[in-house]
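What follows is a short report on a single structure.
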2 protein chains.
Amino acid sequence: MRNVTVYITLKQGVLDPQGKAIQESLNSLGYDEVKDARVGKYLELQVEDGPNLEERVKVMCDKLLANPVIEDYRFDVEEAVRS
Amino acid sequence: MRNVTVYITLKQGVLDPQGKAIQESLNSLGYDEVKDARVGKYLELQVEDGPNLEERVKVMCDKLLANPVIEDYRFDVEEAVRS
């Protein structure tokens, strides 16, 4: 079993109203040092080991997890720790 | 200026229907090797340098960014690269 961690972020230049709202909320709470906030998604997948795992995760991202028109993604694959 | 990256995840044991939906969608697309999916948030903040920066980010997470009842968070602080 592998732990796959996927980070999905908006491409540079794409407006991020949710991030803007977070920045303004932090500013209004007195955290004026926050000058920008961008929101992304973070996914943890448990994937069974197999051939072409990275290639398959890439296709999953392109087809379902991210919107390649407006989002970038990257992922890490790690051996799962049995608990 | 510092780049602060915040990772927010649901605590273990908290149901994640969005993750379940993603897992089932991947399975129905033929990616049967995906056994679990959990969804979190990923935030990139641009924060002006100042005293107690880490302490202040921690309070921001507790007060606004995360819900400490059901979510865990962790964050990294890095020197911002000027482009």
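Couple of notes before you dig in:
- Listed by Cβ neighbour count within 10 Å, with the fewest neighbours leading, A:Ile22, B:Ile70 appear as B:Ile70, A:Ile22.
- When chain B is reduced to its Cα atoms, the Kirkwood hydrodynamic radius in Å: 14.7 Å
- Compared with the dominant Cα axis of chain A, that is its longest principal axis, helix A:17-28 is turned about 50°.
- Pairs of Lys residues in the range B:2-79 that lie 8 or more places apart, or on two chains, and have C-alpha atoms under 22 angstrom apart add up to 9.
- Helical mean residue ellipticity (222 nm; -39500 (n - 2.57) per DSSP H run of 4+; nearest 500) of chain A: -7000 deg cm²/dmol
- Distances between equivalent label points of A:Lys11 across the copies, with each point positioned 7 Å along Cα→Cβ, amount to 4.0 nm, shortest listed first.
- Per the rotation superposing chains A and B, the chain A residue found at the smallest beta carbon distance from the axis is A:Tyr42, 2, distance in Å.
FYI, it's all coordinate maths here, none of it is from the lab. What you see is a predicted model; the values in this text were computed from it and never measured. Cβ atoms come from the backbone with ideal geometry, glycine included; neighbour counts cover every protein chain shown.
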